[in-house]
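What follows is a short report on a single structure.
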Amino acid sequence: MKFIGELAGLATSFFFAMTAIIFTMTGRMVGSQVTNRMRLLFALTYLAVLNLILFHEPLPFSAGSSRWMWLSLSGVIGLALGDAFLFQSLVSVGPRLGSLLLSLAPIFGSIIAWIFFGETLTLLQITGIALALAGIGWVVMSHEEPANTPRGHTRRGVMFGVLAGLGQAAGLVLSKQGMAGDFSPFQANAIRMLAAALFIWGWTFIEGQAGGTFASIRKHPQSLRLLALGALIGPVLGVSASLLAVQHAEVGVASTLMALPPVIVLPISYFLFKEKVGWQAIAGTLLAIVGVAVLFLA
């Protein structure tokens, strides 16, 4: 199918924008950590059923050990650690600013590729980095904390958002290694999700938080439906679409199309969360997206 990679990139942005809204709501109901734990269980269940239907096995046991190693590491760094930071950021600063900070991931990805693979940056790419950072800084400076927000709340949210972008970038680089050749994005996603779920829930049991997690869900049963929907849209459809985009389109094109959630989230945040969106936020968001586009289309 022509333009399958480009269409998958656009679909990824839409899915990630929607899941940012949903998980912001669940994060404010049951907390970001409970959201992260439960969405992994839902996503892993969805992917196991999907792989059983498509490939007649719930997990790609026939894949080589090298794929399992790269994709498992990608899942822990990108889906477990990176998304844990993302949810903390979404709860702290909202879906608009949290999603915008996540758009740093393509920039971090280029830096990681330079360090580990010797890829050098051109002047145009450096210009793209400068534009993106300037746009993000503009939005951060224009973001007003609510009167009841604790001191440092937004500052911590910004830090978590930057760490989320770094985790996603590292996860994408590792995923590309594990998907070398013609490997199904749904199978790759299942391996990543399994590793992330084992890591997160292992840590949850060590901390003795498993009972508290399910207690939070019982206290807010309405969150269960949102978690189930968010897991389907984001970790299953969104992540699989992102892997499909990278697999079938040039990395620059795919990464640019996947960096659009802040633009999609902007009007939603205004109408749904009643966030004030001034001209600085709009201009900064557009400047950041232009920077990402320049960087990867160079």
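The values are calculated or read from the model by the stated rules, or taken from the named source; none is laboratory data. Model, not experiment: these values are computed from the prediction. Cβ placement follows ideal geometry from the backbone for every residue including glycine, while neighbour counts extend to all protein chains displayed.
Key figures
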read-out: Test: residue in segment 1-22 that is touching a Phe, Trp or Tyr at 6+ places or on another chain (Cβ under 8 Å), β-branched (V, I, T), in contact (Cβ under 8 Å) with a residue 12 or more places away in the chain and within 26 Å of E207 (Cβ to Cβ); value: no
read-out: Qualifying residue in segment 180-195 (condition: basic (K, R), modelled with pLDDT of 90 or more and surrounded by 17 or more Cβ atoms within 10 Å (Cβ to Cβ)); value: yes
read-out: Segment 200-240: number of residues that are of a type in the set (S, T, Y) and within 12 Å of T26 (Cβ to Cβ); value: 2
read-out: Any pair with Cβ under 6 angstrom, 6 or more apart, that starts in segment 126-142 at a residue that is closer than 19 Å to S110 by Cα and touching a residue at least 12 places away in the same chain (Cβ under 8 Å) and ends at one that is assigned to a helix (DSSP H, G or I) and among the small types (G, A, S); value: G128/G291; L131/G291; A132/A288; A132/G291; G135/G284; G135/A288; G135/G291; I136/A288
read-out: Which listed residue, of S66, S62, S13, is assigned to a loop (DSSP other than H, G, I, E, B), farther than 19 Å from F160 by Cα and among the polar types (S, T, N, Q); value: S62
read-out: Long-range neighbours under 6 Å by Cβ, at least six apart or interchain, first residue in contact (Cβ under 8 Å) with a residue 40 or more places away in the chain and under 20 Å from A180 (Cβ atoms) within segment 50-66, second of a type outside the set (S, T, N, Q) and in a loop (DSSP other than H, G, I, E, B); value: N51/P58
read-out: Selection status of I233, at pLDDT below 90 and either touching a strand residue (DSSP E or B) at 6+ places or on another chain (Cβ under 7 Å) or closer than 21 Å to F16 by Cβ (or both); value: no
read-out: Some residue of segment 18-39 being surrounded by fewer than 19 Cβ atoms within 10 Å (Cβ to Cβ), touching a helix residue (DSSP H, G or I) at 6+ places or on another chain (Cβ under 7 Å), of a type in the set (A, V, I, L, M, F, W, C) and closer than 18 Å to A196 by Cβ; value: no
read-out: Helices (runs of 4 or more DSSP H) completely within segment 153-238 that count 2 or more residues being under 20 Å from the mean Cα position of the chain (by Cα) and more than 25 Å from G94 (Cα to Cα); value: 153-178, 185-207
read-out: Residues of segment 95-130 classified as part of a helix (DSSP H, G or I) and under 28 Å from L194 (Cα atoms), total; value: 17
read-out: Single residue of L73, L133 found to be farther than 20 Å from T12 by Cα, part of a helix (DSSP H, G or I), at pLDDT 85 or above and under 19 Å from the mean Cα position of the chain (by Cα); value: L73
read-out: G208 vs. criteria on the phi > 0 side of the Ramachandran plot, out of contact with any helix residue (DSSP H, G or I) (no Cβ under 9 Å at 6 or more places or on another chain) and either among the small types (G, A, S) or free of Cβ contacts under 8 Å to residues at least 24 places away in the same chain (or both); value: yes
